[in-house]
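Colleague: Let me give you the structure first, and then I'll get to my questions.
The values are calculated or read from the model by the stated rules, or taken from the named source; none is laboratory data. Values in this document were obtained by computation on a predicted structure and should not be read as measured data. Positions of Cβ are backbone-derived with ideal geometry, glycine not excepted, and every protein chain shown enters the neighbour counts. Just the protein is used for accessible areas: all its heavy atoms, side chains included, with ligands, DNA and RNA removed. Shrake-Rupley method; radii C 1.70, N 1.55, O 1.52, S 1.80 Å.
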Protein chains: 2
Amino acid sequence: MTVPPDDAAAPVVAFSDRVADAVERKRTQLVVGLDPRIDLLPMELRGEAVLGRPSAAAALERFCKGIVDAVAPYAVAVKPQAAFFEALGADGWAALEAVCAYASGAGLLVIADGKRGDIGSTARAYAAAFLEPRGSEPRLADALTVNPYLGSDSMDPFLAACRRHGAGVFVLVRTSNRGGRDIQDAILSDGTPVWRHVAGLVREWGEDMLGERGMSSVGAVVGATVPRAIGEARRAMPQAIILLPGVGAQGATPADVARAFTSGPASALVNASRSVIYAYRESDDDWRAAAGAEAARLAAEIWAAAGW
Amino acid sequence: MTVPPDDAAAPVVAFSDRVADAVERKRTQLVVGLDPRIDLLPMELRGEAVLGRPSAAAALERFCKGIVDAVAPYAVAVKPQAAFFEALGADGWAALEAVCAYASGAGLLVIADGKRGDIGSTARAYAAAFLEPRGSEPRLADALTVNPYLGSDSMDPFLAACRRHGAGVFVLVRTSNRGGRDIQDAILSDGTPVWRHVAGLVREWGEDMLGERGMSSVGAVVGATVPRAIGEARRAMPQAIILLPGVGAQGATPADVARAFTSGPASALVNASRSVIYAYRESDDDWRAAAGAEAARLAAEIWAAAGW
């Protein structure tokens, strides 16, 4: 699987190196999740949203762009959640495309949260949809969250996109929800949980995908709500960038995630979604100002907890 | 989780009963997978597709509608593969919506192959995107393929859609690809493979979702390429409709899947994609005629193998 880059004159910068550059330049490991729910939008946008799907999609787009502007100085990436856009069909997809392009323009990395996973030509189509240039247009996102249940061959097209186009993936390993136990914590015959086995696969998949800073473009999702798993995940996947959701609304704190950072300041990213984008609900500020303030606060707290 | 239907005057017909009605009326258990790849389209459509994304999406739509017309008499459902539409962005999603509506109008059930899976409000958004009425418009699909790796709470919104709206889900249990081994065949401490554990969860999730014909609206995906798993899956999930991909281009035969039908003629559905929709490539017929002929041939062969 040594696929040459499309254009040998333009060297491909590994996703993990782009993360490291951005973390060091901005001094933040915060990722802001864009989970735009119409029922939680600020009133000025919610009014628009009831006028049908095109208006609702326009409201989501305006909201997400406002959040991007507000958090851009404090976040290394945004993580748009595909589901909320898909719920508005084609109009929603157009909004997703607009938001991703806008965030890139604002100097943010874009991690599409799609949790995709399929096989053969279908997996290739997902890689094309999210991680590869689309004709004359740039790719939708810099990285994609992916579900490992279908195994190695479901990963191959994503890995090829990492190699060829400097994209990244974050593989679900141990998720932040209660139901994460049902399959991920089932105990294998060697006494380890299923998620630990998946971590081993992630390590293999990412082994020959190291950037110049020593981290791999094949990352892992490990819920910040499962602190005892974080240190073990770090040891099992020393070169994976660990994406930690669950801080904020889901109850985890920046201190819970400190153990993820032992491989370097850019070896983990911490996602907060609702607690940032809907901060205005607990504040007297304008929704943009409230999101910016909460992002700044969290970013500083995470930076301190990471200890670099 | 006893959610009343939206309108008590219009009783909700369980998805499994709608499958049973359609199977018996049409005497077929064939599902035709709509995997529209531009590079495999008939020449008359491929020309259109190179003119940019809107034209490419229009070509996919025309192709899929032509296939729907051709196979409607011989298939119980179509299974559009979301990835191939997403690869064309918002234009592709508009085409997916048009194809799903067209297939419903042609009397086919629609199983969206999205392999979605997420948690909390995100899972609810996926259920809304695929399985729930969208304002004044009907739902996109009758059923959705879902990935179980995130566990029970990731399933809840889909189960609610089954109950409230007569939708169905097909949970990935043992997939047809080589990499299916990597996680699904890992052996648990009780000596059984992970997929067998997932089958147990599917049985639980579907237990209180039985239709009048005794089958559940929570089905399972089991690859036809893994014949030894089919009988075991049938026993582990006696009331799940088993969706069997892998017949045709992936190498399995109708005889391989016979064991899935022991719970009744509508207790399993057999998917073929490329071997039907691209049948023209092995034929002198028009692409529609070739697809119709191959669908008719396969449907009869499966019906005979099912033995009802």
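Colleague: Identify all residues within the range B:159-170 that are assigned to a helix (DSSP H, G or I), in contact with a Leu (Cβ under 7 Å, 6 or more places away or on another chain) and in contact (Cβ under 8 Å) with a residue 40 or more places away in the chain; write none if there are none.
Modeller: B:165 - this is the single residue of the range B:159-170 that is assigned to a helix (DSSP H, G or I), in contact with a Leu (Cβ under 7 Å, 6 or more places away or on another chain) and in contact (Cβ under 8 Å) with a residue 40 or more places away in the chain.
Colleague: What pairs come up if the first residue lies in the range B:177-205 and is closer than 12 Å to residue B:222 by Cα and within 7 Å of chain A (Cβ to nearest Cβ), the second is among the acidic types (Asp, Glu) and open to solvent by less than 60 Å² (accessible area, probe 1.4 Å), and their beta carbons are under 8 Å apart, counting only those six or more places apart or on different chains?
Modeller: Once the first residue is closer than 12 Å to residue B:222 by Cα and within 7 Å of chain A (Cβ to nearest Cβ) and sits in the range B:177-205, its partners that are among the acidic types (Asp, Glu) and open to solvent by less than 60 Å² (accessible area, probe 1.4 Å) give B:177/A:153.
Colleague: Of the conditions (1) assigned to a loop (DSSP other than H, G, I, E, B); (2) closer than 23 Å to residue B:151 by Cβ; (3) over 20 Å from the mean Cα position of the chain (by Cα), residue B:238 fails just one. Which one is it?
Modeller: All conditions are met except number (3).
Colleague: What's the total number of residues in the range B:140-158 that are closer than 25 Å to residue B:11 by Cα, part of a helix (DSSP H, G or I) and open to solvent by less than 10 Å² (accessible area, probe 1.4 Å)?
Modeller: The qualifying residues number 2.
Colleague: While we're on this one: Restricting to the range B:100-120, and then to whatever is among the aliphatic types (A, V, I, L, M) and more than 12 Å from chain A (Cβ to nearest Cβ), can you tell me which residue is nearest to residue B:58 (Cα to Cα)?
Modeller: B:103
Colleague: Yes or no: residue A:251 open to solvent by less than 10 Å² (accessible area, probe 1.4 Å), within 14 Å of another protein chain (Cβ to nearest Cβ) and within 23 Å of residue A:33 (Cβ to Cβ)?
Modeller: No.
Colleague: Check residue B:164 against each of (1) touching a helix residue (DSSP H, G or I) at 6+ places or on another chain (Cβ under 8 Å); (2) open to solvent by 10 Å² or more (accessible area, probe 1.4 Å); (3) more than 10 Å from chain A (Cβ to nearest Cβ) and name the one condition it does not meet.
Modeller: With (1) touching a helix residue (DSSP H, G or I) at 6+ places or on another chain (Cβ under 8 Å); (2) open to solvent by 10 Å² or more (accessible area, probe 1.4 Å); (3) more than 10 Å from chain A (Cβ to nearest Cβ) applied to residue B:164, the lone miss is (1).
Colleague: If you check A:221, A:173, A:202, which single one turns out to be in a helix (DSSP H, G or I) and modelled with pLDDT of 95 or more?
Modeller: Being in a helix (DSSP H, G or I) and modelled with pLDDT of 95 or more holds for just one of A:221, A:173, A:202, which is A:202.
Colleague: Select from the range A:17-32 the residues that are open to solvent by less than 60 Å² (accessible area, probe 1.4 Å) and either farther than 23 Å from residue A:250 by Cβ or not in a helix (DSSP H, G or I) (or both) and list them in ascending order.
Modeller: A:17, A:18, A:20, A:22, A:26, A:28, A:29, A:30, A:31, A:32
Colleague: Using the structure shown, decide if residue A:142 is under 25 Å from residue A:166 (Cβ atoms), touching a strand residue (DSSP E or B) at 6+ places or on another chain (Cβ under 6 Å) and acidic (Asp, Glu).
Modeller: When the stated conditions are applied, residue A:142 passes them.
Colleague: Quick one: in the range B:257-293, which of the residues that are of a type in the set (Val, Ile, Thr) and surrounded by 24 or more Cβ atoms within 10 Å (Cβ to Cβ) is nearest to residue B:236 (Cα to Cα)?
Modeller: My answer is B:257.
Colleague: Would you check if there is a residue in the range A:138-160 being of a type in the set (Asp, Glu), touching a Ser or Thr at 6+ places or on another chain (Cβ under 9 Å) and within 20 Å of residue A:238 (Cα to Cα)?
Modeller: The answer is no; no qualifying residue exists.
Colleague: Within the range A:68-138, considering only helices (runs of 4 or more DSSP H) that don't extend past its boundaries, which have at least 3 residues that are touching a Gly at 6+ places or on another chain (Cβ under 8 Å) and surrounded by 24 or more Cβ atoms within 10 Å (Cβ to Cβ)?
Modeller: Once the helices (runs of 4 or more DSSP H) in the range A:68-138 are filtered for at least 3 residues that are touching a Gly at 6+ places or on another chain (Cβ under 8 Å) and surrounded by 24 or more Cβ atoms within 10 Å (Cβ to Cβ), what remains is A:82-86, A:120-131.
Colleague: Here is a further query. Can you tell me which condition residue A:191 does not meet? The list is (1) farther than 21 Å from residue A:79 by Cβ; (2) part of a loop (DSSP other than H, G, I, E, B); (3) touching a helix residue (DSSP H, G or I) at 6+ places or on another chain (Cβ under 8 Å), and all the others hold.
Modeller: Only one criterion in (1) farther than 21 Å from residue A:79 by Cβ; (2) part of a loop (DSSP other than H, G, I, E, B); (3) touching a helix residue (DSSP H, G or I) at 6+ places or on another chain (Cβ under 8 Å) is unmet by residue A:191, namely (3).
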